[in-house]
Structure formats: structure tokens, C-alpha cells
1. Roughly speaking, what is the stretch gain from residue 134 to residue 444, that is 0.36 nm per residue apart minus the C-alpha to C-alpha distance, in nm to one decimal?
2. Would you please put 235-246, 119-130, 420-431 in order of how densely packed they are, using the mean number of other Cβ atoms within 10 angstrom per residue and starting with the highest?
3. Would you work out the relative contact order for the stretch 255-383, in percent, from Cα pairs under 8 angstrom that are 6 or more residues apart?
4. Take the solvent-accessible surface of the protein heavy atoms, probe 1.4 Å, and return the percent of it on the chain that carbon and sulfur atoms account for.
5. Assuming R0 = 45 Å, what is the FRET efficiency of residue 225 and residue 327, from their Cβ-Cβ distance, to the nearest 0.05?
6. So, in Å, what gap is there between the alpha-carbon centers of the stretch 310-368 and the stretch 112-142?
7. For residue 155, what charge total do you get from the other residues with a beta carbon under 13 Å from its beta carbon, if Lys and Arg give +1 and Asp and Glu give -1?
8. With equal scatterers on the alpha carbons only and no solvent term, can you work out the Debye log10 of I(q)/I(0) for the stretch 77-165 at 0.12, 0.13, 0.17, 0.22 1/Å?
Amino acid sequence: MTVTLAATTAATPFDLQAARTQMAVSLGWHIIVACLGVGFPLLVLIAEWRSLRLRQRGGDQETSQAYALLARRWARALGVLFAVGAVSGTILSFEMGILWPGMMGTFGEVIGLPFAIEGFAFFIEAIFLGIYLYAWDRLSPRQHLLTGIPIVIAGVAGAFFVVCANAWMNQPRGFDLVNGKVTNVDPWAAMFNPATPPQTTHMILAALMVSGFSVASVYAVAWLRGRRDRYHRLGFLLPFVMAAVITPVQIGVGDWAAHFVAHNQPTKLAAMEGLFHTARGVPLHLGGIAVDGQLRYAIEIPFGLSLLARWNPHAEIKGLNEVPPDQRPQVNVVHPSFQVMVAAGLALLGLGAWFALAWWRRRDLPRSRWFYRAASLAGVAAVTALEAGWVTTEVGRQPWIVFGIMRTRDAVSSAPGLRAGLFALLAVYTVMTVATVYVLRRLARAPLPVAPQEREPVGAAGTTGTREGLR
């Protein structure tokens, strides 16, 4: 039987909406930077490893220098993204306690462990990133390469532990409720709840896809502008191949996650598919909008949903009618978000297949400008899929902040002034966005002269690490 916890004092509907919007903006902004913090270090490390390997084995030195130049430029961008990610992550950590004291005050001892471990991962990443950026010419090439490995591990670990906390919100475990009090706390059971494996795997792979396609899209634009030297070729090839290889794996993991939702959160699945009434042999809906308790204007694939969710074309799928109206997610938010995520993922899969076919036939990059036009949008598509997936996950859980136990309205702060906090947050993130874009563009186009320990290697065209060599 579901046990619910209610707040003693309730916030106004306006403050509740302000708190939810503030959290959505913060999470939506931070998650992009966080994903780059997971995948970008791996790209930097692979580029440096390829450069070192070619030098040691007497390979093509022009290619080695191009990889080295990519690694150093990408590492500078990584330093900027880590700094702004630290700021946005700190904002989120404060928001958890300030905006949602009902949840953190009640369940803090249950779910505090993954946040604490993530803090250690963050500091390890920060320490080794500092060493990595400063020690290019102060350590041997092999030693310097090794200092990058903890950055990759810590970035993945940080993402894992944060998503563990979100997975717990979908499948709360590790405690008992006795007369409305949390007892018998087991933080490890809470952290490794049933939703942890599919959700963390799905998120980490998404981070690698976002990083790979986003970086590749920059070099796709450069290709369209006529920059087709070895440096730009490798700058496109390395991140694109990584993301393209991960995409089919991610789609398989997404199917795993969808099956988990079908078995453990059938109401969320019903909202994802716009299914209002329990039925057997349910079709899969493409598109559509919910109107008066029905999904209209959708294209139906007969038996599709029953087959995908239960591996049985005649299986029963529970509809939204199984729960009271006040426990149903917003179909016209969850359903289109899920559709956008799937569509973007399939489009990226098709783009990867296009690349694979061209490489199989000619052992070379595709030559069509349409391929690079599509690739230039791949980063946007990956980020769109990421954001749509999180909207599906979070809005699909509503009205619960802790599924089946505590409603979102009962967790929000009853303190006045939440709307003022929202406006302040929007101003902060506007400034951060402008500053981040400005600095990254400055690094890419006309970086300032660098310190001796940060001097660039000789570039693919024989230029040194001066302003002219970086243009």
C-alpha cells in the first residue's frame, strides 16, 4: 500500500510553479555542461594518446602534431566548461535544500550518500584537471597522459552518483516509514535501487553522445567553410566516430530503460504513449496530442506498444485510468518529449549509418555536403534528445517528487519570495551563458598569448603556438 507524506504548510501555486521552473532551468542548463564534463575529457585523452602513440612508433608526424594540437585546444575548452559547471552545480546543490526542504529534511539521511561521494569525485576531478592543464611541459608525455585518466574516471563517477539520487526518486528504497517517520535507513540500498542500472547507464551514454556530436558539429561547420586539412579532418573524425559507435548501444539501453518503466512505473509509460485506457494489443503512437481524454491525430502502428513493452503483441498495457486524475502526469508534455527524444536518437543513428556506409565503401569520410550539413546539426540534436529525455523522466514522475510517497507540492518550501529567486536565477544564467560562449569563441578564434608551460606544439601547417598559429 502506498504511504504518502504531506506538508504541514503548503506553498502557493505560484511559488510551487516558480520553484519547479527554477529547478528546470538550473538542471536543463547544468546537464549540458555536465555531459561535456563526462565525455570531453575522454576525447582529450584519446587525442593525446593517439599523438603520443604515433610519435613513439615513428608514425605520421603531421598526424601526431594535429592530434596534439587538438588535445591542447580541447583541454583549454574543458577547463572553461569545468569552471562554469562547478558554478551551476553549486547552484543546484543549494536549490535542493532551499527549494525542496520537505524532501531533503525528510529523506536527507536516506539519499545523502551519493551526493557525498559525488563531492569526492568532483574534488578528484578538479585536482587532476589542474595538474593536467598546468603540466603539459613539466611532466614526461606518458606521465602527463596518465594524469588525465583520473579526470575521465571522476567525471563518469560523478555523473553516476548524481543519477543514483534521481533513480531513487523514481524507485525509493532503503528505509521504512513508521507513523510518518523514516526509520531503518540503508543508504546503500537507497543508492543501488532498481532504477539505478538502467538510468545511470542511459545517462552516461547520453553524455558521451552529447560530447561527441557537439564537438564534431563544430568541425562539420568548418568543413562546409572549406577547412579540410588534416587538423579539421581529425577534429571531426574522432568525436563523431565515438558518438556514432555509442548511438546504437544507447538505443538498446533506451529499450531496456523503457521496459523497466513499463514494469515499475506504468503510469509514466501511459503518459509517454498517450494511453488513457487499459487495453490489450495496444498500438504504438507516432505524434498526436491529448484532447478530452484521447490521443488524437497520431499515426498508429498496430500492436506496436504491446510488442515493445512486453514482447507480446497481445499484452495488456495499463492506461492512465488506473490512477486518480490528480496522480496523472501531463500527457501533452511527457508524450511529445518522449517522441522528440526517440526521433532525435533515430536521426543520429541514421547519420552514423551514413558515415559507416561511406567509410566501408571508400575508407574515407563522406563527400556529400548534405552529410556535413546534417552533421553540423548533430550536436543540437543530441542536446535536444538529452533535454527531452529528462523532461520525460521528471514530468513523467509527477505529481510525485518521491514516487508514490511524497508529492512535489508537499516538498516545496513555504517561504515567500520564490518567484524573486527565479528572476535572479534567470539573470545569473543569462550572464553565465553569454560569458561562456564569449570565452569559448575567444579561445577558438583569437586566444591571447599563452604562458610558456601552455605553449602549443607545432601545428599541422608548421606554425607555432602563437596567436597566428591558432587562427
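The values are calculated or read from the model by the stated rules, or taken from the named source; none is laboratory data. Fair warning: this is a prediction, and the values are worked out from it, not measured in the lab. Counting neighbours? That spans all protein chains shown, and the Cβs are built from the backbone with ideal geometry, glycine included. We work out accessible area using only protein heavy atoms, side chains counted, and drop any ligands, DNA or RNA first. Shrake-Rupley method; radii C 1.70, N 1.55, O 1.52, S 1.80 Å.
1. Details: separation 310, 0.36 × 310 = 111.60 nm, distance 1.91 nm.
Taking residue 134 through residue 444 to full extension adds about 109.7 nm, to one decimal.
2. Ranked by mean Cβ neighbours within 10 Å, highest first: 235-246, 119-130, 420-431.
3. Details: 175 pairs, mean separation 29.4, N = 129.
Across the stretch 255-383, relative contact order equals 23 percent.
4. Values: 14450 of 22110 Å².
Answer for the chain: carbon and sulfur cover 65 percent of the accessible area.
5. Numbers: r = 53 Å, r/R0 = 1.17.
For R0 = 45 Å, the calculated efficiency reads 0.30.
6. 36 Å
7. Numbers: positive: none; negative: 118, 125.
Every neighbour counted, the sum reads -2.
8. -0.45, -0.51, -0.76, -1.07
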